[in-house]
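Asks: Attaching a single structure in structure tokens format; questions to follow.
The values are calculated or read from the model by the stated rules, or taken from the named source; none is laboratory data. What you see is a predicted model, and the numbers here were worked out from it, not measured in a lab. Heads up, the Cβs are rebuilt from the backbone with ideal geometry, glycines too, and the neighbour counts pull from every protein chain shown.
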């Protein structure tokens, strides 16, 4: 029962912190969520063996970082203007 409560608390904490990610921090947030989910899945599949739990955390963390970095929204230019030297540049992003 204690393991279930601990795992649930860890997952809830990771999900709560994931909402604080800015686009530049998506890879780190994805790694945290992926490592947590991978550790839980590895522990569940192996019956709690530490090797499988660590392997699941490593694989999940790597996959989460890759997915998090790959899903960052593209920044486009919302407004163009001129800089001090007369160059046509983007002055506002969305």
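Asks: Could you check how many residues of the range 34-66 are in a helix (DSSP H, G or I), closer than 23 Å to residue 8 by Cβ and in contact (Cβ under 8 Å) with a residue 12 or more places away in the chain?
Replies: Summing the residues that are in a helix (DSSP H, G or I), closer than 23 Å to residue 8 by Cβ and in contact (Cβ under 8 Å) with a residue 12 or more places away in the chain in the range 34-66 gives 21.
Asks: Say whether the condition of being assigned to a helix (DSSP H, G or I), touching a helix residue (DSSP H, G or I) at 6+ places or on another chain (Cβ under 9 Å) and modelled with pLDDT under 90 is met by at least one residue in the range 75-82.
Replies: Step one: list which residues in the range 75-82 are assigned to a helix (DSSP H, G or I), which gives none.
No, because not a single residue in the range 75-82 is assigned to a helix (DSSP H, G or I), touching a helix residue (DSSP H, G or I) at 6+ places or on another chain (Cβ under 9 Å) and modelled with pLDDT under 90.
Asks: Another question about this same structure. For the list (1) surrounded by fewer than 15 Cβ atoms within 10 Å (Cβ to Cβ); (2) closer than 25 Å to residue 27 by Cβ, I need the number of the one condition that residue 56 fails.
Replies: (1)
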